[in-house]
Amino acid sequence: MVEKIGGYGVMNSEKIKSGIEKAPHRSLIKALGLTNEEIEKPLIGVVNSFNEIVPGHKHLREIAEAVKKGVLIEGGTPLEFPSISVCDGIAMNHEGMKYSLVSREIIADSIEVMTRAHGLDGLVMIPNCDKSVPGMMMAAARIDIPTIVVSGGPMLAGKVNGNKVDLSTVFEAVGAVSAGTMNEDELHDLENKACPGCGSCSGMFTANSMNCMTEALGLALPGNGTTPAVYADRIRLATYSGMAVMNLVREDIRPSQILIEDAFNNALAVDMALGCSSNTVLHLLAIAYEAGVEMNLDKINEISEKTPNLCRLRPAGPYHIEDLHDAGGIMALMNELSKKGLLNLDIKNVTGKTLGQLVSNYKVLDNKIIASVDSPYSETGGIAILKGNLAPDGAVVKRSAVAEEMLKHKGPARVFDGEDAAVDAILGGTINKGEVLVIRYEGPKGGPGMREMLTPTSALAGMGLDKDVALLTDGRFSGATRGASIGHVSPEASEGGPIALVEDGDQIEIDMINGVLKLNIDEKTIEERKSKWQAKPSRASGYLAKYEKMVTSASTGAICKP
(Lines give C-alpha, C1' and ligand atoms only; values in the text may rest on other atoms or scores of the structure.)
Protein backbone atom coordinates (compact mmCIF):
# COMPACT_ATOMS: atom_id res chain seq x y z
CA MET A 1 0.00 0.00 0.00
CA VAL A 2 1.34 3.42 -0.96
CA GLU A 3 1.69 5.77 1.99
CA LYS A 4 -0.82 8.61 1.80
CA ILE A 5 0.23 12.25 2.31
CA GLY A 6 -2.62 14.77 2.24
CA GLY A 7 -4.85 12.24 0.47
CA TYR A 8 -2.19 11.34 -2.11
CA GLY A 9 0.58 8.78 -2.33
CA VAL A 10 4.20 9.84 -1.96
CA MET A 11 4.49 12.24 -4.88
CA ASN A 12 7.28 12.53 -7.45
CA SER A 13 7.24 16.28 -7.02
CA GLU A 14 8.47 15.98 -3.42
CA LYS A 15 11.96 15.62 -4.89
CA ILE A 16 11.79 19.17 -6.27
CA LYS A 17 9.83 20.99 -3.56
CA SER A 18 10.24 19.43 -0.09
CA GLY A 19 12.83 20.23 2.56
CA ILE A 20 15.32 22.99 3.27
CA GLU A 21 17.69 21.81 0.53
CA LYS A 22 14.96 22.36 -2.08
CA ALA A 23 14.68 26.09 -1.39
CA PRO A 24 16.50 26.92 -4.68
CA HIS A 25 14.08 24.68 -6.56
CA ARG A 26 11.08 26.35 -4.91
CA SER A 27 12.55 29.73 -5.73
CA LEU A 28 12.60 28.85 -9.43
CA ILE A 29 9.07 27.47 -9.27
CA LYS A 30 7.92 30.68 -7.60
CA ALA A 31 9.44 32.58 -10.54
CA LEU A 32 6.51 31.11 -12.48
CA GLY A 33 4.18 33.06 -10.22
CA LEU A 34 2.97 30.02 -8.31
CA THR A 35 1.89 30.34 -4.68
CA ASN A 36 2.94 28.08 -1.82
CA GLU A 37 -0.56 26.58 -1.92
CA GLU A 38 -0.22 25.68 -5.61
CA ILE A 39 3.26 24.25 -5.12
CA GLU A 40 2.07 21.98 -2.31
CA LYS A 41 -0.54 20.35 -4.57
CA PRO A 42 0.20 17.52 -7.03
CA LEU A 43 1.95 18.89 -10.12
CA ILE A 44 0.23 17.67 -13.29
CA GLY A 45 1.98 17.94 -16.66
CA VAL A 46 -0.37 18.91 -19.48
CA VAL A 47 1.36 17.81 -22.69
CA ASN A 48 -0.07 19.90 -25.51
CA SER A 49 0.80 19.15 -29.14
CA PHE A 50 -0.81 22.39 -30.36
CA ASN A 51 0.71 24.04 -33.40
CA GLU A 52 -0.43 26.27 -36.25
CA ILE A 53 0.68 23.90 -39.04
CA VAL A 54 -1.29 20.69 -38.40
CA PRO A 55 -5.08 21.10 -38.88
CA GLY A 56 -5.74 18.35 -36.36
CA HIS A 57 -3.91 20.40 -33.71
CA LYS A 58 -4.86 24.02 -34.34
CA HIS A 59 -7.63 23.94 -31.69
CA LEU A 60 -5.70 22.19 -28.93
CA ARG A 61 -5.17 25.36 -26.87
CA GLU A 62 -8.88 25.20 -26.06
CA ILE A 63 -8.60 21.53 -25.13
CA ALA A 64 -5.62 22.29 -22.87
CA GLU A 65 -7.47 25.08 -21.08
CA ALA A 66 -10.38 22.71 -20.39
CA VAL A 67 -7.96 20.06 -19.08
CA LYS A 68 -6.32 22.57 -16.76
CA LYS A 69 -9.72 23.62 -15.46
CA GLY A 70 -10.49 20.00 -14.62
CA VAL A 71 -7.17 19.57 -12.80
CA LEU A 72 -7.87 22.74 -10.77
CA ILE A 73 -11.39 21.57 -9.90
CA GLU A 74 -9.95 18.43 -8.31
CA GLY A 75 -7.15 20.18 -6.42
CA GLY A 76 -4.10 19.83 -8.65
CA THR A 77 -1.71 22.33 -10.21
CA PRO A 78 -1.55 22.02 -14.02
CA LEU A 79 1.72 22.84 -15.77
CA GLU A 80 1.57 22.88 -19.57
CA PHE A 81 4.45 21.98 -21.88
CA PRO A 82 4.59 21.34 -25.65
CA SER A 83 5.11 18.39 -27.94
CA ILE A 84 5.72 18.33 -31.69
CA SER A 85 3.46 16.78 -34.30
CA VAL A 86 3.67 16.08 -38.05
CA CYS A 87 0.71 16.26 -40.44
CA ASP A 88 1.11 13.12 -42.54
CA GLY A 89 -1.08 14.53 -45.30
CA ILE A 90 1.09 17.62 -45.76
CA ALA A 91 4.27 15.53 -45.42
CA MET A 92 3.08 12.99 -48.01
CA ASN A 93 5.03 12.19 -51.19
CA HIS A 94 8.15 14.27 -50.54
CA GLU A 95 11.12 14.12 -48.17
CA GLY A 96 8.91 15.31 -45.31
CA MET A 97 7.35 11.84 -45.01
CA LYS A 98 10.71 10.46 -43.93
CA TYR A 99 10.20 12.43 -40.71
CA SER A 100 6.70 11.23 -39.82
CA LEU A 101 7.42 7.90 -38.14
CA VAL A 102 10.67 9.36 -36.81
CA SER A 103 8.64 11.98 -34.92
CA ARG A 104 7.00 9.23 -32.83
CA GLU A 105 10.30 8.54 -31.08
CA ILE A 106 11.07 12.24 -30.57
CA ILE A 107 7.62 12.75 -29.02
CA ALA A 108 8.07 9.85 -26.57
CA ASP A 109 11.64 10.85 -25.71
CA SER A 110 10.86 14.53 -25.15
CA ILE A 111 7.94 13.78 -22.83
CA GLU A 112 10.16 11.44 -20.83
CA VAL A 113 12.79 14.21 -20.56
CA MET A 114 10.34 16.87 -19.39
CA THR A 115 8.54 14.61 -16.93
CA ARG A 116 11.61 13.07 -15.31
CA ALA A 117 13.54 16.33 -15.19
CA HIS A 118 10.77 18.19 -13.39
CA GLY A 119 9.37 15.54 -11.05
CA LEU A 120 5.75 15.64 -12.22
CA ASP A 121 3.08 13.64 -10.37
CA GLY A 122 0.73 12.93 -13.27
CA LEU A 123 0.22 13.61 -16.96
CA VAL A 124 -2.64 14.57 -19.23
CA MET A 125 -1.59 14.02 -22.82
CA ILE A 126 -3.24 15.97 -25.66
CA PRO A 127 -2.37 14.43 -29.06
CA ASN A 128 -4.47 14.08 -32.16
CA CYS A 129 -2.69 13.20 -35.40
CA ASP A 130 -0.86 10.15 -36.62
CA LYS A 131 2.35 9.83 -34.59
CA SER A 132 1.46 12.07 -31.66
CA VAL A 133 -1.05 9.52 -30.32
CA PRO A 134 1.22 6.43 -30.27
CA GLY A 135 4.22 8.56 -29.30
CA MET A 136 2.41 9.83 -26.23
CA MET A 137 1.13 6.39 -25.29
CA MET A 138 4.67 5.02 -25.61
CA ALA A 139 5.79 7.74 -23.22
CA ALA A 140 2.96 6.92 -20.82
CA ALA A 141 4.05 3.27 -20.68
CA ARG A 142 7.73 4.16 -20.32
CA ILE A 143 7.38 6.84 -17.62
CA ASP A 144 4.65 4.99 -15.69
CA ILE A 145 3.12 7.74 -13.59
CA PRO A 146 -0.67 8.32 -13.48
CA THR A 147 -1.64 9.37 -17.02
CA ILE A 148 -4.73 9.97 -19.12
CA VAL A 149 -5.05 10.79 -22.82
CA VAL A 150 -7.56 13.26 -24.27
CA SER A 151 -7.25 13.86 -27.99
CA GLY A 152 -8.40 16.74 -30.17
CA GLY A 153 -11.05 14.67 -31.93
CA PRO A 154 -11.90 13.91 -35.57
CA MET A 155 -12.64 16.38 -38.34
CA LEU A 156 -16.13 16.39 -39.77
CA ALA A 157 -16.48 15.07 -43.31
CA GLY A 158 -16.75 17.59 -46.14
CA LYS A 159 -19.59 17.70 -48.63
CA VAL A 160 -19.59 18.08 -52.40
CA ASN A 161 -22.87 17.89 -54.35
CA GLY A 162 -24.56 16.37 -51.31
CA ASN A 163 -21.97 13.60 -50.94
CA LYS A 164 -19.58 13.26 -48.00
CA VAL A 165 -15.91 13.58 -48.93
CA ASP A 166 -12.57 13.58 -47.10
CA LEU A 167 -8.83 13.89 -47.64
CA SER A 168 -8.54 10.49 -49.33
CA THR A 169 -11.17 11.64 -51.85
CA VAL A 170 -8.81 14.44 -52.87
CA PHE A 171 -5.81 12.13 -53.18
CA GLU A 172 -7.83 9.76 -55.37
CA ALA A 173 -9.09 12.68 -57.44
CA VAL A 174 -5.52 13.37 -58.55
CA GLY A 175 -5.53 9.96 -60.22
CA ALA A 176 -8.95 10.67 -61.70
CA VAL A 177 -7.67 13.90 -63.30
CA SER A 178 -4.68 12.01 -64.71
CA ALA A 179 -7.06 9.41 -66.14
CA GLY A 180 -9.28 12.10 -67.67
CA THR A 181 -12.38 11.22 -65.64
CA MET A 182 -12.33 14.49 -63.65
CA ASN A 183 -11.37 18.02 -64.68
CA GLU A 184 -9.22 20.46 -62.76
CA ASP A 185 -12.14 22.74 -61.84
CA GLU A 186 -13.86 19.80 -60.13
CA LEU A 187 -10.62 18.98 -58.32
CA HIS A 188 -10.31 22.59 -57.15
CA ASP A 189 -13.87 22.55 -55.79
CA LEU A 190 -13.13 19.29 -53.99
CA GLU A 191 -9.92 20.56 -52.39
CA ASN A 192 -11.84 23.55 -51.00
CA LYS A 193 -14.50 21.41 -49.34
CA ALA A 194 -12.97 18.06 -48.35
CA CYS A 195 -11.42 19.24 -45.06
CA PRO A 196 -13.97 21.68 -43.59
CA GLY A 197 -12.22 22.48 -40.31
CA CYS A 198 -10.04 21.37 -37.43
CA GLY A 199 -9.58 17.78 -36.30
CA SER A 200 -7.91 14.57 -37.39
CA CYS A 201 -8.93 13.59 -40.95
CA SER A 202 -12.45 12.19 -40.88
CA GLY A 203 -12.08 8.54 -41.95
CA MET A 204 -10.74 5.49 -40.14
CA PHE A 205 -7.26 6.61 -41.05
CA THR A 206 -4.23 6.24 -38.77
CA ALA A 207 -4.90 9.18 -36.44
CA ASN A 208 -8.48 8.17 -35.72
CA SER A 209 -7.52 4.51 -35.54
CA MET A 210 -5.01 5.28 -32.79
CA ASN A 211 -7.40 7.64 -31.01
CA CYS A 212 -9.88 4.75 -30.91
CA MET A 213 -7.09 2.59 -29.48
CA THR A 214 -6.76 4.98 -26.51
CA GLU A 215 -10.24 3.89 -25.43
CA ALA A 216 -9.67 0.23 -26.24
CA LEU A 217 -6.44 0.15 -24.20
CA GLY A 218 -8.09 1.92 -21.26
CA LEU A 219 -6.01 5.13 -21.27
CA ALA A 220 -8.85 7.51 -22.19
CA LEU A 221 -12.43 8.27 -21.17
CA PRO A 222 -15.34 7.00 -23.29
CA GLY A 223 -15.85 9.12 -26.40
CA ASN A 224 -12.22 10.11 -26.84
CA GLY A 225 -11.88 8.18 -30.10
CA THR A 226 -14.95 9.50 -31.87
CA THR A 227 -16.33 12.78 -30.43
CA PRO A 228 -15.85 15.35 -33.24
CA ALA A 229 -13.32 18.12 -32.67
CA VAL A 230 -15.91 20.89 -33.02
CA TYR A 231 -18.46 19.46 -30.57
CA ALA A 232 -18.89 21.03 -27.12
CA ASP A 233 -18.76 17.47 -25.79
CA ARG A 234 -15.06 17.42 -26.73
CA ILE A 235 -14.42 20.36 -24.36
CA ARG A 236 -16.38 18.69 -21.57
CA LEU A 237 -14.43 15.49 -22.18
CA ALA A 238 -11.19 17.44 -21.73
CA THR A 239 -12.40 18.91 -18.44
CA TYR A 240 -13.47 15.49 -17.16
CA SER A 241 -10.09 14.08 -18.21
CA GLY A 242 -8.34 16.75 -16.12
CA MET A 243 -10.54 15.78 -13.19
CA ALA A 244 -9.96 12.05 -13.76
CA VAL A 245 -6.17 12.31 -13.67
CA MET A 246 -6.41 13.60 -10.12
CA ASN A 247 -8.19 10.43 -9.07
CA LEU A 248 -5.48 8.39 -10.80
CA VAL A 249 -2.85 10.30 -8.81
CA ARG A 250 -4.86 9.93 -5.59
CA GLU A 251 -5.18 6.16 -6.05
CA ASP A 252 -1.73 5.78 -7.64
CA ILE A 253 -3.19 4.05 -10.71
CA ARG A 254 -0.42 3.85 -13.30
CA PRO A 255 -0.23 2.80 -16.95
CA SER A 256 1.56 -0.42 -15.92
CA GLN A 257 -1.67 -1.49 -14.18
CA ILE A 258 -3.75 -0.69 -17.28
CA LEU A 259 -1.47 -1.62 -20.20
CA ILE A 260 -1.38 -5.34 -19.48
CA GLU A 261 -1.52 -8.20 -21.98
CA ASP A 262 -5.31 -8.47 -21.83
CA ALA A 263 -5.61 -4.76 -22.62
CA PHE A 264 -3.56 -5.23 -25.79
CA ASN A 265 -5.63 -8.28 -26.73
CA ASN A 266 -8.78 -6.17 -26.28
CA ALA A 267 -7.28 -3.41 -28.40
CA LEU A 268 -6.42 -5.84 -31.18
CA ALA A 269 -9.98 -7.18 -31.16
CA VAL A 270 -11.35 -3.64 -31.43
CA ASP A 271 -8.81 -2.92 -34.17
CA MET A 272 -10.01 -5.93 -36.18
CA ALA A 273 -13.68 -5.11 -35.63
CA LEU A 274 -13.21 -1.48 -36.71
CA GLY A 275 -10.98 -2.22 -39.70
CA CYS A 276 -8.34 0.23 -38.53
CA SER A 277 -5.28 1.49 -40.37
CA SER A 278 -2.52 -1.06 -40.95
CA ASN A 279 -0.29 1.36 -39.01
CA THR A 280 -1.97 0.27 -35.77
CA VAL A 281 0.11 -2.91 -36.00
CA LEU A 282 3.31 -0.85 -36.01
CA HIS A 283 2.18 1.34 -33.12
CA LEU A 284 0.61 -1.28 -30.87
CA LEU A 285 3.81 -3.32 -31.12
CA ALA A 286 5.81 -0.25 -30.05
CA ILE A 287 3.50 0.63 -27.14
CA ALA A 288 3.55 -3.00 -25.97
CA TYR A 289 7.36 -2.95 -26.05
CA GLU A 290 7.41 0.11 -23.79
CA ALA A 291 4.89 -1.55 -21.48
CA GLY A 292 6.96 -4.73 -21.25
CA VAL A 293 4.19 -6.80 -22.84
CA GLU A 294 5.08 -9.50 -25.37
CA MET A 295 3.24 -9.07 -28.65
CA ASN A 296 4.00 -10.32 -32.14
CA LEU A 297 2.49 -10.64 -35.59
CA ASP A 298 1.32 -14.21 -34.96
CA LYS A 299 -0.82 -12.95 -32.04
CA ILE A 300 -2.35 -10.35 -34.35
CA ASN A 301 -3.35 -12.98 -36.89
CA GLU A 302 -4.70 -15.22 -34.13
CA ILE A 303 -7.02 -12.48 -32.89
CA SER A 304 -7.96 -11.43 -36.42
CA GLU A 305 -9.05 -14.96 -37.27
CA LYS A 306 -11.63 -15.04 -34.46
CA THR A 307 -12.81 -11.40 -34.49
CA PRO A 308 -15.58 -10.32 -36.89
CA ASN A 309 -15.22 -7.09 -38.85
CA LEU A 310 -18.17 -4.92 -37.79
CA CYS A 311 -17.40 -1.57 -39.45
CA ARG A 312 -16.74 -0.35 -42.97
CA LEU A 313 -15.56 3.19 -42.45
CA ARG A 314 -13.64 5.23 -45.00
CA PRO A 315 -11.62 4.11 -46.92
CA ALA A 316 -13.18 0.62 -46.63
CA GLY A 317 -16.74 1.93 -46.84
CA PRO A 318 -18.88 5.08 -47.07
CA TYR A 319 -19.03 6.07 -43.40
CA HIS A 320 -16.94 8.48 -41.33
CA ILE A 321 -15.94 8.81 -37.68
CA GLU A 322 -18.84 11.16 -36.96
CA ASP A 323 -21.16 8.32 -38.06
CA LEU A 324 -19.39 5.87 -35.74
CA HIS A 325 -19.84 8.36 -32.90
CA ASP A 326 -23.57 8.70 -33.60
CA ALA A 327 -23.87 4.90 -33.69
CA GLY A 328 -22.56 4.58 -30.12
CA GLY A 329 -18.80 4.87 -30.53
CA ILE A 330 -16.05 2.57 -29.32
CA MET A 331 -17.79 1.56 -26.10
CA ALA A 332 -20.85 0.37 -28.04
CA LEU A 333 -18.62 -1.59 -30.41
CA MET A 334 -16.87 -3.19 -27.41
CA ASN A 335 -20.26 -4.07 -25.92
CA GLU A 336 -21.10 -5.82 -29.18
CA LEU A 337 -17.81 -7.76 -29.14
CA SER A 338 -18.41 -8.77 -25.53
CA LYS A 339 -21.52 -10.70 -26.61
CA LYS A 340 -19.20 -13.27 -28.20
CA GLY A 341 -16.73 -13.29 -25.28
CA LEU A 342 -14.06 -11.58 -27.38
CA LEU A 343 -12.92 -9.16 -24.64
CA ASN A 344 -11.59 -9.41 -21.10
CA LEU A 345 -14.11 -7.29 -19.18
CA ASP A 346 -12.44 -7.43 -15.77
CA ILE A 347 -9.45 -5.19 -16.46
CA LYS A 348 -8.77 -1.64 -15.22
CA ASN A 349 -9.01 1.61 -17.12
CA VAL A 350 -8.73 5.30 -16.27
CA THR A 351 -12.40 5.60 -15.22
CA GLY A 352 -11.90 3.49 -12.09
CA LYS A 353 -14.54 1.04 -13.31
CA THR A 354 -13.99 -2.35 -14.87
CA LEU A 355 -14.37 -2.52 -18.64
CA GLY A 356 -17.49 -4.65 -18.16
CA GLN A 357 -19.12 -1.99 -15.99
CA LEU A 358 -18.21 0.63 -18.53
CA VAL A 359 -19.41 -0.97 -21.76
CA SER A 360 -22.70 -2.14 -20.26
CA ASN A 361 -23.89 1.48 -20.45
CA TYR A 362 -23.46 1.70 -24.23
CA LYS A 363 -25.57 0.14 -26.97
CA VAL A 364 -25.23 0.09 -30.74
CA LEU A 365 -27.65 2.64 -32.22
CA ASP A 366 -27.20 1.90 -35.91
CA ASN A 367 -26.37 -1.54 -37.29
CA LYS A 368 -25.39 -0.10 -40.66
CA ILE A 369 -22.43 1.60 -38.98
CA ILE A 370 -21.66 -1.03 -36.31
CA ALA A 371 -22.89 -4.40 -37.52
CA SER A 372 -24.17 -7.05 -35.14
CA VAL A 373 -21.66 -9.76 -34.17
CA ASP A 374 -24.25 -12.19 -35.50
CA SER A 375 -24.30 -10.51 -38.91
CA PRO A 376 -20.84 -8.97 -39.47
CA TYR A 377 -19.35 -7.56 -42.65
CA SER A 378 -16.78 -10.35 -42.41
CA GLU A 379 -16.21 -13.26 -40.02
CA THR A 380 -12.55 -12.27 -39.72
CA GLY A 381 -10.80 -9.03 -38.79
CA GLY A 382 -9.98 -6.01 -40.91
CA ILE A 383 -6.20 -6.55 -40.83
CA ALA A 384 -4.24 -9.62 -41.96
CA ILE A 385 -0.61 -10.65 -41.56
CA LEU A 386 0.93 -12.33 -44.61
CA LYS A 387 4.04 -14.50 -44.58
CA GLY A 388 6.02 -16.48 -47.12
CA ASN A 389 9.39 -16.51 -48.84
CA LEU A 390 8.90 -12.88 -49.86
CA ALA A 391 8.14 -11.78 -46.28
CA PRO A 392 9.62 -14.34 -43.85
CA ASP A 393 9.04 -12.00 -40.89
CA GLY A 394 5.64 -10.86 -42.08
CA ALA A 395 3.77 -8.15 -43.97
CA VAL A 396 0.55 -6.28 -43.19
CA VAL A 397 -2.57 -5.55 -45.25
CA LYS A 398 -5.84 -3.79 -44.45
CA ARG A 399 -7.92 -6.67 -45.75
CA SER A 400 -11.27 -4.95 -45.17
CA ALA A 401 -10.34 -2.24 -47.73
CA VAL A 402 -9.43 -4.75 -50.47
CA ALA A 403 -11.84 -5.64 -53.28
CA GLU A 404 -12.96 -9.26 -53.03
CA GLU A 405 -11.45 -10.15 -56.41
CA MET A 406 -8.01 -9.02 -55.17
CA LEU A 407 -7.93 -11.09 -51.97
CA LYS A 408 -6.15 -13.68 -54.11
CA HIS A 409 -3.92 -12.42 -56.89
CA LYS A 410 -1.00 -13.59 -58.96
CA GLY A 411 0.91 -11.40 -61.36
CA PRO A 412 4.25 -10.19 -62.71
CA ALA A 413 6.37 -7.82 -60.64
CA ARG A 414 7.12 -4.21 -61.61
CA VAL A 415 9.99 -3.19 -59.37
CA PHE A 416 10.82 0.35 -58.21
CA ASP A 417 13.63 1.38 -55.90
CA GLY A 418 11.72 4.10 -54.10
CA GLU A 419 8.25 5.66 -54.14
CA ASP A 420 9.02 8.54 -56.51
CA ALA A 421 9.77 6.33 -59.51
CA ALA A 422 6.60 4.33 -58.89
CA VAL A 423 4.44 7.46 -58.76
CA ASP A 424 5.93 8.69 -62.05
CA ALA A 425 5.09 5.34 -63.68
CA ILE A 426 1.53 5.33 -62.33
CA LEU A 427 0.71 8.91 -63.32
CA GLY A 428 2.51 8.34 -66.62
CA GLY A 429 0.03 5.56 -67.47
CA THR A 430 2.64 2.82 -67.84
CA ILE A 431 1.21 0.41 -65.24
CA ASN A 432 -0.64 -2.57 -66.67
CA LYS A 433 -3.58 -4.46 -65.22
CA GLY A 434 -2.59 -7.59 -63.32
CA GLU A 435 0.85 -6.34 -62.30
CA VAL A 436 2.24 -6.31 -58.76
CA LEU A 437 4.08 -3.08 -58.02
CA VAL A 438 7.06 -3.58 -55.71
CA ILE A 439 8.33 -0.42 -54.00
CA ARG A 440 11.43 -1.11 -51.93
CA TYR A 441 14.19 0.63 -50.00
CA GLU A 442 11.47 2.54 -48.14
CA GLY A 443 11.64 0.57 -44.87
CA PRO A 444 12.52 1.94 -41.41
CA LYS A 445 16.27 1.82 -42.21
CA GLY A 446 16.10 1.99 -45.99
CA GLY A 447 14.05 5.18 -46.17
CA PRO A 448 15.11 5.95 -43.61
CA GLY A 449 11.81 6.66 -41.92
CA MET A 450 9.41 4.18 -43.58
CA ARG A 451 7.38 6.59 -45.69
CA GLU A 452 3.62 6.26 -46.06
CA MET A 453 2.49 5.84 -49.66
CA LEU A 454 -0.95 7.32 -50.02
CA THR A 455 -0.05 9.00 -53.30
CA PRO A 456 0.59 5.84 -55.38
CA THR A 457 -2.30 3.88 -53.87
CA SER A 458 -4.73 6.78 -54.29
CA ALA A 459 -3.56 7.38 -57.84
CA LEU A 460 -4.23 3.72 -58.67
CA ALA A 461 -7.69 3.95 -57.09
CA GLY A 462 -8.46 7.22 -58.86
CA MET A 463 -7.46 5.66 -62.18
CA GLY A 464 -9.72 2.68 -61.52
CA LEU A 465 -6.85 0.20 -61.12
CA ASP A 466 -7.31 -0.71 -57.45
CA LYS A 467 -9.17 -3.90 -58.46
CA ASP A 468 -6.51 -4.92 -60.97
CA VAL A 469 -3.11 -3.93 -59.56
CA ALA A 470 -1.51 -4.97 -56.25
CA LEU A 471 1.20 -2.99 -54.50
CA LEU A 472 3.66 -4.23 -51.92
CA THR A 473 6.42 -2.41 -50.10
CA ASP A 474 8.81 -2.50 -47.17
CA GLY A 475 7.45 0.98 -46.44
CA ARG A 476 3.96 1.58 -45.11
CA PHE A 477 0.59 2.93 -46.16
CA SER A 478 -1.68 5.67 -44.91
CA GLY A 479 -4.82 4.63 -43.11
CA ALA A 480 -6.60 6.33 -46.02
CA THR A 481 -5.21 3.73 -48.44
CA ARG A 482 -7.54 1.20 -50.03
CA GLY A 483 -6.90 -1.61 -52.45
CA ALA A 484 -4.48 -4.55 -52.44
CA SER A 485 -1.74 -2.61 -50.69
CA ILE A 486 0.63 -4.74 -48.64
CA GLY A 487 3.14 -2.96 -46.44
CA HIS A 488 5.75 -3.55 -43.73
CA VAL A 489 7.36 -6.35 -45.78
CA SER A 490 10.06 -7.72 -43.47
CA PRO A 491 13.01 -8.07 -43.56
CA GLU A 492 13.27 -4.86 -45.56
CA ALA A 493 15.35 -4.42 -48.71
CA SER A 494 18.15 -2.44 -47.06
CA GLU A 495 18.71 -5.39 -44.71
CA GLY A 496 18.97 -7.80 -47.64
CA GLY A 497 15.43 -9.14 -47.27
CA PRO A 498 13.91 -11.13 -50.14
CA ILE A 499 12.10 -8.03 -51.42
CA ALA A 500 15.55 -6.73 -52.46
CA LEU A 501 15.95 -9.72 -54.80
CA VAL A 502 12.75 -9.34 -56.84
CA GLU A 503 13.18 -8.57 -60.54
CA ASP A 504 10.74 -7.29 -63.15
CA GLY A 505 8.57 -10.11 -64.46
CA ASP A 506 8.91 -12.41 -61.43
CA GLN A 507 5.59 -13.98 -60.55
CA ILE A 508 4.28 -12.90 -57.13
CA GLU A 509 1.45 -14.76 -55.44
CA ILE A 510 -0.80 -13.06 -52.88
CA ASP A 511 -3.36 -14.93 -50.79
CA MET A 512 -4.92 -12.70 -48.12
CA ILE A 513 -7.40 -15.38 -47.12
CA ASN A 514 -4.70 -17.87 -46.12
CA GLY A 515 -2.05 -15.29 -45.22
CA VAL A 516 0.50 -16.03 -47.95
CA LEU A 517 2.93 -13.72 -49.79
CA LYS A 518 5.13 -15.70 -52.13
CA LEU A 519 7.80 -15.08 -54.76
CA ASN A 520 7.33 -17.86 -57.33
CA ILE A 521 10.94 -18.52 -58.27
CA ASP A 522 13.08 -21.46 -57.21
CA GLU A 523 15.32 -21.37 -54.16
CA LYS A 524 18.50 -21.74 -56.21
CA THR A 525 17.73 -18.54 -58.13
CA ILE A 526 16.99 -16.71 -54.90
CA GLU A 527 20.35 -17.81 -53.46
CA GLU A 528 22.20 -16.75 -56.61
CA ARG A 529 20.65 -13.30 -56.49
CA LYS A 530 21.38 -13.01 -52.79
CA SER A 531 25.06 -13.76 -53.32
CA LYS A 532 25.28 -10.82 -55.75
CA TRP A 533 23.24 -8.34 -53.69
CA GLN A 534 25.04 -5.35 -52.19
CA ALA A 535 23.66 -2.93 -49.63
CA LYS A 536 23.04 0.62 -50.85
CA PRO A 537 25.22 3.24 -49.15
CA SER A 538 23.37 5.47 -46.72
CA ARG A 539 22.83 9.09 -47.66
CA ALA A 540 21.03 10.04 -44.45
CA SER A 541 22.12 13.02 -42.39
CA GLY A 542 20.97 14.81 -39.27
CA TYR A 543 18.39 13.08 -37.13
CA LEU A 544 17.61 10.56 -39.89
CA ALA A 545 21.19 9.27 -39.68
CA LYS A 546 20.79 8.67 -35.94
CA TYR A 547 17.40 7.04 -36.49
CA GLU A 548 18.78 4.74 -39.19
CA LYS A 549 21.34 3.35 -36.75
CA MET A 550 18.83 2.74 -33.94
CA VAL A 551 15.59 1.63 -35.63
CA THR A 552 14.55 -2.03 -35.75
CA SER A 553 12.38 -3.96 -38.21
CA ALA A 554 8.76 -3.09 -38.92
CA SER A 555 7.90 -6.60 -37.70
CA THR A 556 8.87 -5.46 -34.18
CA GLY A 557 7.16 -2.07 -34.39
CA ALA A 558 10.10 -0.09 -35.82
CA ILE A 559 11.15 0.70 -32.27
CA CYS A 560 14.50 2.35 -31.58
CA LYS A 561 17.13 0.56 -29.56
CA PRO A 562 20.51 2.11 -28.65
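If you go through the stretch 475-497 and keep only what is buried (at least 24 other Cβ atoms within 10 Å of the Cβ) and part of a helix (DSSP H, G or I), you end up with just ALA493.
Entry remark, the stretch 434-493: residues being among the small types (Gly, Ala, Ser) and without any contact (Cβ under 8 Å) to a residue 40 or more places away in the chain number 1 in total.
Mind checking which residues of the stretch 516-562 are open to solvent by 20 Å² or more (accessible area, probe 1.4 Å), within 25 Å of ASN301 (Cα to Cα) and in a loop (DSSP other than H, G, I, E, B)? Within the stretch 516-562, ASN520, THR552, SER553 meet the criteria. Checking LYS363, LYS398 one by one, the residue that is basic (Lys, Arg) and surrounded by fewer than 22 Cβ atoms within 10 Å (Cβ to Cβ) is LYS363 and no other. Set side by side, the residues LEU72, LEU101, LEU79 differ, and just one is hydrophobic (A, V, I, L, M, F, W, C), assigned to a helix (DSSP H, G or I) and under 30 Å from LYS22 (Cα atoms), which is LEU72. A single entry from LEU386, LEU390, LEU407 fulfils the requirement of being open to solvent by 10 Å² or more (accessible area, probe 1.4 Å), modelled with pLDDT of 95 or more and either closer than 25 Å to PRO491 by Cβ or not charged (D, E, K, R) (or both): LEU407. Report whether or not PRO448 is part of a helix (DSSP H, G or I), closer than 21 Å to ASP88 by Cα and in contact with a helix residue (DSSP H, G or I) (Cβ under 7 Å, 6 or more places away or on another chain). For PRO448, the condition - part of a helix (DSSP H, G or I), closer than 21 Å to ASP88 by Cα and in contact with a helix residue (DSSP H, G or I) (Cβ under 7 Å, 6 or more places away or on another chain) - is not met. Could you check, for the stretch 468-485, whether at least one of its residues is among the basic types (Lys, Arg) and at pLDDT 95 or above? Yes, because at least one residue in the stretch 468-485 is among the basic types (Lys, Arg) and at pLDDT 95 or above.
Among the residues making up the stretch 287-296, a single one is over 12 Å from MET213 (Cβ atoms), assigned to a helix (DSSP H, G or I) and among the aliphatic types (A, V, I, L, M): ALA291.
Across the stretch 22-51, the qualifying residues are those that are small (Gly, Ala, Ser) and open to solvent by less than 40 Å² (accessible area, probe 1.4 Å), and the one among them that is farthest from GLU62 (Cα to Cα) is GLY45. Each residue in the stretch 257-271 was checked for being part of a helix (DSSP H, G or I) and either closer than 19 Å to ALA384 by Cβ or open to solvent by less than 10 Å² (accessible area, probe 1.4 Å) (or both), and 10 of them qualify.
Residues in the stretch 208-226 that are within 17 Å of MET155 (Cα to Cα) and either assigned to a helix (DSSP H, G or I) or open to solvent by 10 Å² or more (accessible area, probe 1.4 Å) (or both): 6 in all.
Looking only at the stretch 357-410, residues that are of a type in the set (Lys, Arg), under 19 Å from GLY557 (Cα atoms) and in a loop (DSSP other than H, G, I, E, B) come to 1 in all. From the list ASN335, ASN247, ASN301, the one residue that fits, being in a helix (DSSP H, G or I), on the phi < 0 side of the Ramachandran plot and free of Cβ contacts under 8 Å to residues at least 60 places away in the same chain, is ASN335.
The values are calculated or read from the model by the stated rules, or taken from the named source; none is laboratory data. Just so you know, these numbers come straight off a predicted model, no measurement behind them. When we count neighbours, we look across all protein chains shown, and the Cβ atoms used for this are built from the backbone with ideal geometry, even at glycine. Surface areas here come from the heavy atoms of the whole protein model, side chains and all, with no ligands, DNA or RNA. Shrake-Rupley method; radii C 1.70, N 1.55, O 1.52, S 1.80 Å.
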